[in-house]
Amino acid sequence: MSLQAEMFPDLVVVQHEAARESRPEPGLTRKVMAYNDKLFLAEHRMSQGWAGSAHSHPHDQIVYVVRGRLKVACQGKTFDVRAGDSFVVR
C-alpha cells in the first residue's frame, strides 16, 4: 500500500459530532469534515459582518451556502452568493 493510500483512503466518513472544530479567525468557526488529497469539506459558521482574510489551499473547494449570504472575491472576480447557491474553485 502506498503512503498516499494510507494517508488518503478511498472512503472517508466523518460523523458531525466527531469533526475537529477550530476558530482560525475572529468571527469564524470551522469544522473539518471529510477530505482527501484533492477535495476538502468544511462547515463554516461566520458571525454577521465577518470579513475573512485572503487564503489558498491545495484542495479543490466546493461551497454550498446553507443560510445567509456572502460576498466572495476569488481569482480576480467578486460575486454574491445566497442560501441555496454554490460554487467550485479549482
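Every number in this text was worked out from the coordinates using simple rules, so none of it is lab data. Only a predicted model underlies this, so the values are computations on that prediction, with no experimental measurement involved. Don't worry about glycine lacking a Cβ; one is built from the backbone with ideal geometry, like all the others, and counts go over all protein chains shown.
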Please enumerate, by chain and number, the aspartates and glutamates with C-alpha under 12 Å from the C-alpha of Lys38, excluding those fewer than 8 residues away in the same chain. Asp10, Asp60
So which aspartates and glutamates can Lys31 reach, going by Cα to Cα under 14 Å and dropping same-chain residues fewer than 8 places off? Glu17, Glu21, Glu43
Highest GNM mean-square fluctuation, the chain, Cα pairs closer than 10 Å: which of Ala51, Ala73, Ala34? Ala73
Got a sec? Charge dipole of the chain, +1 on Cβ for Lys and Arg, -1 for Asp and Glu; which of Val13, Leu28, His59 is way out at the positive end? Leu28
Pairs of Cα atoms under 8 Å, at least six residues apart: use those to get the relative contact order of the chain, whole percent. 18 percent
The long-range amide H neighbours of Asp85, using H built 1.01 Å from N in the peptide plane and a cut-off of under 5 Å, are Val65
Qualifying chymotrypsin sites (Phe, Trp or Tyr not before Pro) for the range 21-88 [loop in DSSP, other Cβ within 10 Å: at most 16]: Trp50
Treating only the Cβ of Lys, Arg, Asp and Glu as charged (+1, +1, -1, -1), what charge dipole size does the chain show about its Cα centre? Round to the nearest 20 debye. 460 debye
Report the label-to-label distance for Asp10 and Val88 in nanometres (one decimal), using points 7 Å from each Cα along the Cα→Cβ vector. 2.2 nm
Where in the range 41-76 is the amide nitrogen less than 14 Å from a point lying 7 Å along the Cα-to-Cβ axis of Ala19? 41-46, 62-67
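For the chain, what is the calculated [θ] at 222 nm in deg cm²/dmol (nearest 500), taking -39500 (n - 2.57) for each run of four or more DSSP H residues and dividing by its residue count?
-1000 deg cm²/dmol
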D_trans [Stokes-Einstein, Kirkwood Rh over alpha-carbon pairs] for the chain, 4 °C, 1.567 mPa s, µm² s⁻¹: 88 µm²/s
